[in-house]
Every structure is written in C-alpha cells, then in structure tokens.
Amino acid sequence: MNQQGYPVPRQSPARQPASPGVLVGVSLWRLLIVAFAFIGFGSIVGEHGWESAGPGLSQQASLLVGVVYTGLLCYPLFTGGKAHEPRSPWLRGAMTVLLLLVAVTFLTIMGGSLDETWSLFEHLLTPLVVLIDWAVVGRNQANVKWWHPLTWIVFPVAYLIYYLAADVGLYRGFLDPDSSGFAGTILGFLAAVIVAGYVLYGVAKLKAAAAAGNQAHSPYPPAPQYSQGPYPPGHQHPQQPAYPSPRDPWQR
C-alpha cells in the first residue's frame, strides 16, 4: 500500500537471461538438426536435381525443418540471450509430427532403403534428432495446448493440396487419387498424424510433471512469502524506531 492507502500493483519479475551453458548446448544441438536436414535435402537435390527430387514430401519436409530450426537457432539473438526458444511449442510439435509421418511411411508402407546418404538423413537421422529435441532437449513443450495436435495436420494437408494440384505422380502405389479408396487412405493418414500428435502431447506433459516433482523434492526450501496487504481494519502497523537526527556540528 502506498501513503494514500491504495494498493500498489504487483509487478511481474523481469525475464532473466538463460544460462550461458544452456544457450550454448541448445544452440549446438539445433545446429546439428539444421545440418542433418540440409545434408539430406542437399544430397538428393545434388544427385537428382530439384525438378526430380523437389516434389517429394521427404525433401520438402527436410527443407522446411532446416528453415524452421535455423530460425530457432537464431532466436536467442532476438531476445538478448533471455530465451533459447519461443514460449509456444507449436512449430516444434508440427515439425516432429511431419517427420514422423515421413519416416514411418517410408520405412513401413513404402519399404524404403536407407543405403543412400540422402535417405539415411531424411528418413532416419533428421526425424530422430527432431524427436529427441521434443522429448529431451527443448523446454517450451510444457506449454503445449490440448488442441495443438489437431492443428499439426496443417503441413500434411498443405502437401496433399499441392500433391493434387500439381499432379505430382509420386506414391501411386498407396496414394492414387483415381482409386476408390483414396479418401479413406487420406483420412487414415490424418488420423494417424493426430494420434502421433497426442502421443507427443502426453510426452510433453509427463516431462513437465516430472520436472515439477523434482522441484518439489528439492533439498532447498522455497523462500518465505510475506504478505503485502491489504491489512484488516484496526490493524496496527509496526512502528519504525525513531533515530535522532544527526546534530549539525555548527549548531551550539
């Protein structure tokens, strides 16, 4: 309360800079993800050319992940080192779901091989490090919302629109627009993406709960909190001791 008796609004504490060790470690990890994504993308484009390789979902997903994680790598530069990632985990979750779709589809339905460098990076190494980033490295996934997994299908749906509009001609063995089961296949893929998203949601919440439990069992007790008012009627404020004012040596 101020001298006029009005309550003083509480100010939220300023955001403290992240630990230098955390910034360096996370930045190096995100640099690894960027390198993996662009190695896979660059290898196949260099070998087959953009016109041949560019329309594939694997290539577009790797390129997108490389761009997104380059942004995350540079994020601390825009926050003055106060944070290594934004508060919302939406983009990281969307990238993880997208690469899980790429990897699982390629290795199971398509029976793909990892013998080529581009395939190893696009279908195994990059999806793996992005998944580890979600499950272990990052911190903002604790802020994931229940509806995020429902919206993470936006990138697969965007590719589907491109696939139909450009008549890509890939994946016809299981994704033929002229087939009577095409709509059912699409619905199955979208449902699988949503389920995978909720698995990631559960992983994030379990990690957040475990972190909160570790803080609750910390050997260091929390600092005591003192009430700042308002005080009940009739409350006597403690009187501060009066100290004599220093005497002017020139006074007699």
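Taken together, the values in this text are just the output of simple stated rules run on the coordinates, not laboratory data. Source: prediction; values computed, not measured. No Cβ is skipped: glycine too gets one built from the backbone with ideal geometry, and neighbour counts run over all protein chains shown.
Ranked by Cβ crowding within 10 angstrom, fewest neighbours first, how are HIS48, HIS84 ordered?
Values: HIS48 14, HIS84 24.
Ordered from fewest to most neighbouring Cβ atoms within 10 Å, HIS48, HIS84 come out as HIS48, HIS84.
Close amide H partners of LYS82, meaning residues 5 or more places away or on another chain with modelled amide H under 5 Å apart, are ALA18.
Starting from the Cα-Cα distance between PHE174 and TRP147, subtract it from 0.36 nm times their residue separation and give me the gain in nm to one decimal. Present the calculation step by step, with values, prior to reporting the outcome.
On the way: separation 27, 0.36 × 27 = 9.72 nm, distance 2.93 nm.
Extra length from PHE174 to TRP147 when fully extended: 6.8 nm.
Can you compute the label reach from TYR162? Point 7 Å from Cα along the Cβ direction, backbone N cut-off under 20 Å, restricted to segment 94-124. Zone members listed by number: 94-107, 118-124.
Distance between the 7 Å Cα→Cβ label points at THR79 and GLU47: 3.8 nm.
Taking neighbour Cβ counts within 10 Å as the exposure measure, how do ILE161, ILE194, ILE44 sort from fewest upward?
Values: ILE161 10, ILE194 16, ILE44 23.
If I rank by nearby Cβ atoms, fewest first, I get ILE161, ILE194, ILE44.
Chymotrypsin sites (Phe, Trp or Tyr not before Pro), restricted to segment 36-71: which are DSSP loop and have at most 16 other Cβ atoms within 10 Å? The partial results should precede the final answer.
Numbers: sites: PHE36, PHE38, PHE41, TRP50, TYR69; in loops: none.
Answer by residue number: there is no such site.
Under the simplified labelling scheme, the PHE182-VAL22 pair shows an inter-label distance of 4.9 nm, with each label point 7 Å from Cα along Cα→Cβ. Please give the net charge around GLY138, taking every other residue with its beta carbon less than 15 angstrom from that of GLY138, where Lys and Arg add +1 and Asp and Glu add -1. Result for the local shell: +4. The modelled label-to-label distance between SER113 and LEU31, using points 7 Å beyond Cα along the C-beta direction, is 3.5 nm.
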